[in-house]
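What follows is one structure encoded as structure tokens, with my remarks underneath.
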Amino acid sequence: MQYPIKIDKDEVVRYLGCREQSFASVDKQLQQQIRDAIIQLRQLIQPKYVYKTFSAAVCPEGISLDGGIVLLGKDIAHHLKSCGSCILMAATLGHQLDREIAKLQLTNMSQSVVLNAVAIAAIEQVCDLAQEEIACHILRPGESFTSRFSPGYGDMPLAQQYLFAQVLDLSRKVGIGVTESFILVPSKSVTAVIGIIKELDKDMKQGKCAYCRLRDNCDFSRCQR
Amino acid sequence: MDFRKYMKENIVIFDGAMGTMLQQNGLKTGEIPEVLNITHSEIVEKIHRMYIQSGSRVITANTFGANELKLTGCGYSQRQIIQKAMEIAKSAAADCPHKIYIAQDIGPIGELLEPLGTLSFERAYEIYANQVFMGEEYGADLFLLETMTDLYEMKAAVLAVKENSSLPLVCTMSFEENRRTFTGCEISSMAVTLQALGVDAIGINCSLGPEEIFPLVEELIKWTDLPILVQPNAGLPSLEQDGLHYSVNAEEFTLWAEKYMALGVSLFGGCCGTTPEYIEKVAHLARGYKPEKRPEISFSAVCSPAKTVCIDQVRVIGERINPTGKKLLKEALRNRNMDYILQQGLSQQAAGATILDVNTGLPEIDESAVMRQVVKQLQAVLDCPLQIDSSDAKTIEAGLRAYNGKCIVNSVNGEDAVLDTVLPLIKKYGAAVVGLTLDNNGIPLKAEQRLAIARHICEKAESYGIPRRDVFIDCLVLTASAQQKEVMETIKAVQLVKTHLGVKTVLGVSNISFGLPNRELINRTFLTMALTAGLDMPILNPNIPAMMDTIRAFHVLSFQDINSKEYIAYQNTLAQPAEKLAEIPQTDVNDIDYAIAKGLKKQTEEITRQLLQEHDCLDIVNEYLIPALDKVGDDFEKGIVFLPQLIQAAEAAKAAFTVIKEAMSSRGESGIHKGKIIVATVKGDIHDIGKNIVKVVLENYGYEVIDLGRDVPVETVVEQAEKLQVPLVGLSALMTTTLKSMEQTIAALHQANIPCKTFVGGAVLTEDYAKKIGADFYAKDAKEAVTIAKKVLG
């Protein structure tokens, strides 16, 4: 990663459970906790990402990529229906952060919760930056990316994390493992499909919450703002 | 010629990449490379032949990912794939005029081990052992454990090889440019651990090119005298329109190979991006080299994955995780209250302990099972190397097996029966050992007699292959109040042992002052005497500042802290004013709401003390603390305060509860018993921050919370709910996939007719779903959990 990570403090406040408020409006003590956590975070993360490009075509099960790989579900098919190609990507903040959050849960639970929220904001930011870098490398004029779509969104099975692990060689390339229950380790890791489109299809659902099953029942959501 | 012998006499050329070659020959993204052993054996064989023709003396069978997890669903059995891989390799080597050594290639399992992931160490061992059995059976000449990034996984694999085979074992790990693996393992820790485990050669592969790996190998070579294998990538990859390109060509690669050989590297090959062309040039170059004789290492070191500790200056061993005479720790061990034990570890580390002693010996508990658990959990949050403290061989082995890195075992003594039982374990698991200078006749009074026992221990250890640098002698401290005459004998014994045996020394310093007033004074004076005599590792309580100060001063006076740098830096931190708290001017009992709401622990304690002068303990709880917490809870619900503030309030209230509990026990009143609640993160799930928040908040409302941890099997929840007769069980799950475990746990509780209520929480849960899976309550947050607890327990 070349770019410095800039944490959106308002987003941190939202991850802490308050969607009406901004960083400026919360208690001074909490503001300081957030600032401290951001400083701490910078020393704890080793952001890394990896990606591969594939051709993509709608098939009965979902989307078929070259090499016989199939992304499952109606939602991903819909998401990529106008895309001739896509990328699979993964990004992580690394293991050390998880360890520190676990340690803080023993010594300072409150700060641990704040650091956790900052870390969630940070992994989103890392994904955005990675996406920008990748765009510079592979997008041709007139092309753009769709939003990111991850296993577990809509009807795409979480079990497809294994596919990402294998195709992107995640444990070797960036140190991400998948548990038996399809949990990514380190916990601040993301896998995603991003479609490459010629022109933005107006009908397409966009935004991070478009396919979320909890969208009507969520405290953190941007779509309700 | 046996590979071990060949390796001593020759520069050993390994092969280059298999994956890169398979891709060039048509392997598609997403295909399992090992399946080609069956479907395209001719391609795999051709690649082996090309490497042999280029001069590889070791070829790596196509078995890198041939473990039962990765091969699941590939259409062939693991046995078929490994058998075929070995056949192909043998066939490729058959018509070669000289011996080609066939390495069974074993890579990472692909799932992360506990505590990072959920795969248990024991299960990882099994998975590797299966690979090893088959490699042996189908005729491997050696094992190559490679591209590992987790030292714990490496240890599981090494034990799987060494316990089931006597073939040579070569181990490599992959590091990032920050000199750590993805999981945070240091180069030094890899070297120290694997050398002690007795593998045949170690090294670094993959991840980086020869230029980036070079400084890493320069470091590695300082930490080991084992032969070193390097298999770099062909530089760094870049993705171009026509595919992946690597930055280092064969000529450059060979220039680097020459530098490596000059440095003392005697096994060399390639990883990603390298081809037979690279190997051919390197093999040609290697004809002019013979392995250099490298100097034997002489330092004493122990380590955890992220921290290597050399015993090259005074190193404090923290003594607090030992139940002897500690009521709270006894209780924690009995109840497996891991948080308390971990906090003891963290506070000692913060106070300056470099190594932590761990003793789980209590008559009424399963010492070895608890040792295994405590070692694993301490290592999940702490970087200090540990010292396994037990006299029970079974407990020692449990601790040694569970430990990640190279630890110390405390202890053996001069009795042959003990030495012959414990030393083989030390050797096998690669540890250092503390030897007590006593035997069947007890502790000798004279220093010379203690030296004789120490010598016997050292010689015995050497006969088991344990070098003297890994034997630490404890000359034993007798209490000054009972055996005043012998105090100087201990000091003298330390001097003798240092001079005559050249070993590192340990002493349990705090024993000196039993039965005397002002123990601290006696302890620190004795510590100074012992340090001057040559004590390397005092075992003491680092939380007592005077003891740590003595050591800091000693480092100055003994010319170890050069220019008093550390001492001055430390004194400067003391001189700085303590952080200003958001003080309230005077403490008034009516301010308790404010103090709790702002999370001001000190003020909350102070006000509680004032309240205690006029009120009953329970009245304070019910009329002041709980309402104050409730107010914060209400504000939390309204969105006026946030989770971190709710938690701080709860923690401030906890400080008040602690004051009240002390008062109650001194007044002889019975404690606050609001009832027990079990909390657990369900099987398969490792996201436990939510559960931990609920725990903190419930505890601070006065409930006794039994935390079963994360990834908790269904049976454990049922068993504990039954055993402890809890009226309320809280379950947490974050993932849609682990909601199933939650449902199963609730069903199992019902089926076992446990008369408890259940509440559930977690990001993907909803009220409806909670009902559907049979939970009695849905807690959307920690505040709600309190409401539920009040309903059920009052």
- For the charge dipole of region B:378-449, defined by +1 on Lys and Arg C-beta atoms and -1 on Asp and Glu C-beta atoms about the Cα centroid, which residue among B:425, B:412, B:449 has the Cα displaced farthest towards the positive pole? B:425
- Degrees separating the helix B:565-575 axis from the principal Cα axis of chain B, which is the longest one: 30
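So what is the relative contact order for chain B, in percent, with contacts set as C-alpha pairs under 8 Å and at least six apart?
Working: 1499 pairs, mean separation 57.5, N = 794.
About 7 percent, as a whole number.
Count the net charge of all other residues whose Cβ sits under 11 Å from the Cβ of residue B:300, scoring Lys and Arg as +1 and Asp and Glu as -1.
The answer is +2.
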- Hey, what angle do you get for helix B:714-724 against the long axis of chain B, alpha-carbon based, 0 to 90 degrees rounded to 10? 30
- Message: Cα atoms only: what Rg and Dmax, in Å, come out for region B:135-287?
- Response: 15.5, 48
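How much length, in nm to one decimal, is gained on full extension between residue B:219 and residue B:25, taken as 0.36 nm per residue of separation minus their Cα-Cα distance?
Values: separation 194, 0.36 × 194 = 69.84 nm, distance 3.71 nm.
Contour length minus Cα-Cα distance gives 66.1 nm.
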- Query: Dipole size in debye (nearest 20) for region B:177-232 around its Cα centre, Lys and Arg Cβ +1, Asp and Glu Cβ -1?
  - Reply: 140
- Using only Cα atoms, tell me the angle between helix B:739-751 and the longest principal axis of chain B; keep it within 0 to 90° and round to the nearest 10. 60
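By its C-alpha gyration tensor, with a ≥ b ≥ c as the square roots of the eigenvalues, how is region B:54-106 shaped: rounded for a/c under 1.5, else prolate for a/b larger than b/c, else oblate?
Working: a/c = 3.86, a/b = 2.32, b/c = 1.66.
Prolate.
Report the relative contact order of region B:381-487, percent, no decimals, based on alpha-carbon pairs under 8 angstrom and at least 6 residues apart. Display every interim value, and only then the final one.
On the way: 149 pairs, mean separation 23.9, N = 107.
22 percent.
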- Note on the structure: Applied in sequence order to region B:98-106, the curve 6.51 cos²θ - 1.76 cosθ + 1.60 (Karplus, θ = phi - 60°) yields integer Hz couplings, x standing for Gly and Pro, of 10, 5, 10, 8, 9, 9, 7, 8, 10
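Once the Cβ-Cβ distance between residue A:57 and residue B:740 is put in as r, and R0 is 51 Å, what FRET efficiency do you end up with, to the nearest 0.05? It would help to have the intermediate numbers written out before the result.
Numbers: r = 33 Å, r/R0 = 0.65.
That pair, residue A:57 with residue B:740, gives E of 0.95.
Hey, what's the per residue convex hull volume over the C-alpha atoms of chain A, in cubic angstrom?
Working: hull volume 30.7 nm³, N = 225.
So the per-residue hull volume is 137 Å³.
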- Query: So how far apart, in nm, are the two label points at residue B:68 and residue B:519 if each is 7 Å from Cα heading toward Cβ?
  - Reply: 5.1
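Compute and list, largest first, the equivalent-ellipsoid semi-axes of the protein assembly as shown from the alpha carbon gyration tensor, each √(5λ) rounded to a whole angstrom.
Numbers: eigenvalues 434, 370, 124 Å².
One finds semi-axes of 47, 43, 25 Å for the protein assembly as shown.
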- Query: What number of lysine-lysine pairs in region B:224-380 show an alpha-carbon separation below 21 angstrom, given a sequence spacing of 8 or more or placement on distinct chains?
  - Reply: 6
- Find the Rg to Rh ratio for region B:435-540, where Rh is the Kirkwood radius over alpha-carbon pairs and Rg uses the same atoms. 0.98
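Could you compute the longest span of chain B free of GluC sites (Glu not before Pro) located in DSSP loops and having at most 14 other Cβ atoms within 10 Å, not counting the site residues? Don't skip to the answer; put the middle values down first.
Values: sites that count: B:68, B:177, B:292, B:296, B:364, B:579, B:583, B:614, B:669.
Within chain B, the longest run free of exposed GluC sites (Glu not before Pro) spans B:365-578.
Report the FRET efficiency, 1/(1 + (r/R0)^6), for residue B:366 and residue B:462, where r is their Cβ-Cβ distance and R0 is 45 Å, rounded to 0.05. Please list the in-between numbers first.
Details: r = 34 Å, r/R0 = 0.76.
The value I calculate is 0.85.
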- Message: Explain nothing, just compute: Karplus ³J(HN,Hα) = 6.51 cos²θ - 1.76 cosθ + 1.60, θ = phi - 60°, for every residue of region B:29-44 in order, whole Hz, x for Gly and Pro.
- Response: 4, x, 7, 7, x, 5, 5, 4, 4, 8, 7, 9, 4, 5, 5, 4
- Item | Positive minus negative residues near residue B:189 (Lys, Arg vs Asp, Glu; Cβ under 14 Å) | +1
- Note on the structure: What the Cα atoms of region B:288-413 span along the principal axes, largest first and in whole Å, is 65, 31, 28
- Query: Length gain on complete extension for the stretch residue B:4 to residue B:296, per 0.36 nm per residue less the alpha carbon to alpha carbon distance?
  - Reply: 103.3 nm
- Message: I'd like the mean, over residues of B:644-653, of how many other protein chain beta carbons sit within 10 Å of each residue's own Cβ.
- Response: 5
- Counting Lys and Arg as +1 and Asp and Glu as -1, each charge on the Cβ, what is the dipole of region B:248-393 about the Cα centre in debye, to the nearest 20? 200
- Quick one: net charge of residue B:106's neighbours, Cβ under 11 Å, K/R +1, D/E -1? -3
- Query: So if we plug the beta-carbon distance of residue B:255 and residue B:137 into 1/(1 + (r/R0)^6) with R0 = 35 Å, what FRET efficiency do we get, rounded to 0.05?
  - Reply: 0.25
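Ranked by Cβ crowding within 10 angstrom, fewest neighbours first, how are B:673, B:555 ordered?
Details: B:673 10, B:555 19.
Placing the least packed residue first, the sequence is B:673, B:555.
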- Positive dipole terminus of chain B, leading residue within B:306, B:108, B:77 (C-beta point charges): B:306
- Query: Farthest toward the dipole's positive end in region B:733-792, which of B:762, B:750, B:734, given Cβ charges of +1 (Lys, Arg) and -1 (Asp, Glu) about the Cα centre?
  - Reply: B:750
- Pairs B:155/B:683; B:5/B:162; A:6/A:188: which are spaced more than 20 Å apart, C-alpha to C-alpha? B:155/B:683
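The numbers here are math on the coordinates, done by the rules we state, and not lab data. None of the values given here were measured: they were computed from a predicted structure. Ideal geometry is used to build each Cβ from the backbone, glycine not excepted, and the neighbour counts take in all protein chains shown.
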